[in-house]
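**Q** Quick one: this structure, given as C-alpha cells, is what I'll be asking you about.
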Amino acid sequence: MMEPQNCKRAPAWTEQKVRDLIAVWGEESVLSELRSSLRNAKTFVKISQGMKDRGHNRDPKKCRVKLKELRQAYQKTREANGRSGSEPKHAASMMSCMPF
C-alpha cells in the first residue's frame, strides 16, 4: 500500500538523538522542574530548546512522547527482570543513563 504524497512522517530518532534527549532530560534543573509541577508544558519547551542547541529539531510534543516511550520501555524491562524464574532482559545501553 502506498502512502499519500502529502503525508509527512517525522524523522526517526537516531541513537544519538535519544542520547542527547536523555542528557537534556537528566539535567538537574529540568528534573527539578518536572518533579515540582503537574503542568510541564514549559519544561518540555526547555527540553526542546536543549535539543535544538545540540543540533536536533524536535518540538516539545515529540520530546514528551519519546520520553514517555523510553520510561515505559524501562519500566517494562525492570518488571520483567523482577519476576522470579525469568531470564534477565536487557534494556538498550542508553537506558542505563536514564535519570530515574
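Where a number appears in this text, it was derived from the coordinates with a stated rule and is not lab data. All of these numbers come straight from a predicted model, not from anything done at the bench. Note: ideal-geometry Cβ built from the backbone for every residue, glycine included; neighbour counts use all protein chains shown.
**Q** From the residues in the range 16-51 that are surrounded by 11 or more Cβ atoms within 10 Å (Cβ to Cβ) and acidic (Asp, Glu), which one is farthest from the chain's Cα centre (by Cα)?
**A** Selected residue: GLU33.
**Q** Which residue out of SER32, SER37, SER48 is of a type in the set (Ser, Thr, Tyr) and touching a Ser or Thr at 6+ places or on another chain (Cβ under 9 Å)?
**A** Details: SER32 fails: touching a Ser or Thr at 6+ places or on another chain (Cβ under 9 Å); SER48 fails: touching a Ser or Thr at 6+ places or on another chain (Cβ under 9 Å).
The conditions single out SER37.
**Q** Cβ-Cβ under 7 Å, sequence separation 6+ or interchain: first residue in the range 36-65 and closer than 11 Å to LEU21 by Cβ, partner not in a helix (DSSP H, G or I). Which pairs?
**A** Close Cβ pairs (under 7 Å, with a partner that is not in a helix (DSSP H, G or I)) amount to SER48/ARG58; SER48/ASP59; MET51/ARG58; LYS62/ALA10.
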